[in-house]
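Structure record follows, encoded as structure tokens.
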Amino acid sequence: MGPRPDGAALWRERTRPHVNKATVVPSLVLSMLAEPAVAAMSLSSSDIAPGESIPVLHIYPRCGGRNVSPQLSWGGAPSATKSFVLTVIDVDVKPSLWSHWIVVDLPASASSLAQGAKTLPGGAKSIASNFGDAAYAGPCPPKGTGLHHYQFTIWALPTAELSLAPGEKAASVVALLARQALDHASLTAVVQAPPG
């Protein structure tokens, strides 16, 4: 027979809540299943299909297109989102990438841009891209440079405004947004450069 427990030990044993492990584990699992799943952001377009060629309507005029911005829709942004930034980047221009469209300060209530959008929602504004245009500048890869991938990305930000310098290197813009964004979603489509 071991030593008798002192009064304090007996009191702790009697007042410790009894936990039935057989009911706690299933209850925990059920509560986890009942919670809504975290939705990832999404970006889609009725004009551009992921991995497919960008239609000539959206190509820059110098390369035979009409330079009409594509329709874009997004959703699933975190609840703390205060604004969105849209970027269109040619990821095959080395070493700094190449921006074709940068829209900042899209309101958190925005969820789409129409094809050929002439006005932007709320206080949103286009920043001069590497093309020099403060507007949509469609794909126009230089001759003989092969297949180019154009990444359309919507970035959810925790601030209502973002300051970017006009003509900022695309790689710097992407790095800044990657650090600041709560989440993002991308759609990538392609354009084949004409032969050299």
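The values are calculated or read from the model by the stated rules, or taken from the named source; none is laboratory data. The model shown is predicted, which means the values in this text are computed figures rather than measured ones. Glycine also receives a Cβ, built like all others from the backbone with ideal geometry; neighbour counts cover every protein chain displayed. When the accessible area is computed, the model is the full protein with side chains, heavy atoms only, and any ligands, DNA or RNA have been set aside. Shrake-Rupley method; radii C 1.70, N 1.55, O 1.52, S 1.80 Å.
Round to a whole number: what % of the accessible area of the range 94-196 belongs to carbon and sulfur, probe 1.4 Å?
The value for the range 94-196 is 55 percent carbon and sulfur by accessible area.
Sort 186-193, 173-180 by the packing proxy (mean of other Cβ within 10 Å over each peptide's residues), most packed first.
Ranked from most to least packed, the peptides come out as 186-193, 173-180.
Quick one: of Lys125/Lys169; Lys94/Lys169; Lys118/Lys169; Lys82/Lys125, which pairs are farther than 21 Å apart, Cα to Cα?
With Cα atoms farther than 21 Å apart: Lys118/Lys169.
How would you rank 128-141, 109-122, highest first, on the average number of other Cβ atoms within 10 Å across their residues?
128-141, 109-122
Using alpha carbons only, how many angstrom separate the centre of the range 54-79 from the centre of the range 137-196?
12
I want to check the label-to-label distance for Ser163 and Asp47. Put each point 7 Å from Cα in the C-beta direction and report it in nm to one decimal.
About 3.2 nm separates the two model spin labels.
Calculate, for the range 121-196, the solvent-accessible area per residue in square angstrom, rolling a 1.4 angstrom probe over the heavy atoms of the protein chains.
Computed with neighbouring chains in place, this is 46 Å² per residue.
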